[in-house]
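Note sheet for the following structure.
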Amino acid sequence: LVAESPAAAAVGTIDGIRTAIIANGQNFPDAVSAGSLSYANGLPVIITTPTALAPQAAQTLKDLGIGQVIIVGAAASVSASVESAIHGLGISTLYRAAGSDRANTSQLLADWAISNLGFSTTSFVLASGDQSLGGADALAGGPLAGSYSQPILVTNTVSAPGAVSGFAAEHRDARAGVTSRGSSNSVSAAADGVVLGAVRGT
């Protein structure tokens, strides 16, 4: 119902093709990592069960006239059978961000958005992907980040930034600005320090 609340004509396109984002509806990190991309480009986030394409998801893909999808997460999050079912609807996969963990998946999605959709290389948003926190900060920050075409990177835990530090190091020549969402109970001071150090090359 949320995905279909705008008219199908409002769905964003990439290369002239209506595009949606597919994510696991039983765990939050991948879906919230896609929040800024969704907002910036008008791409609905359609959630599914991980091992079978949810009938509601299939219907939404049809109703919105989706021609291609971006899948967020590896096979454990969105299985090959789900992807095959989407293909069976005549919908292709534009890109799958299949990271080794939640932080790596967010890094891959951010890199893709930078390379293909003109997302910022000079700033990004850091939020907790810690399972115990439910992704509230990343969810709340998605539209704001999207309005500036900033990618959202999620940590693995409160204290472990994971692949986010690699992303920061990758873009340190641009002196990337980092905005952390939430208090130190969400992203610890130590994790912030690791990411900022990677940005600064220290």
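The values are calculated or read from the model by the stated rules, or taken from the named source; none is laboratory data. On a predicted model such as this, the values are computed, not experimentally measured, just so you know. Counting neighbours? That spans all protein chains shown, and the Cβs are built from the backbone with ideal geometry, glycine included. Heavy atoms of the whole protein, side chains included, go into the accessibility calculation; ligands, DNA and RNA do not. Shrake-Rupley method; radii C 1.70, N 1.55, O 1.52, S 1.80 Å.
Annotation note: trypsin sites (Lys or Arg not before Pro) in region 133-202 located in DSSP loop regions with a Cβ neighbour count of at most 16 within 10 Å are R175.
Close amide H pairs (under 5 Å, H built 1.01 Å from N) link F28 with no residue at least 5 positions away or on another chain.
Computed over protein heavy atoms with a 1.4 Å probe, the accessible surface of the chain works out to 42 Å² per residue. Percent of accessible area on the chain owned by carbon and sulfur, 1.4 Å probe? Reported share for carbon and sulfur atoms: 53 percent. Taking 0.36 nm per residue of separation and subtracting the current Cα-Cα distance, fully stretching the chain between L117 and L196 would add 26.0 nm.
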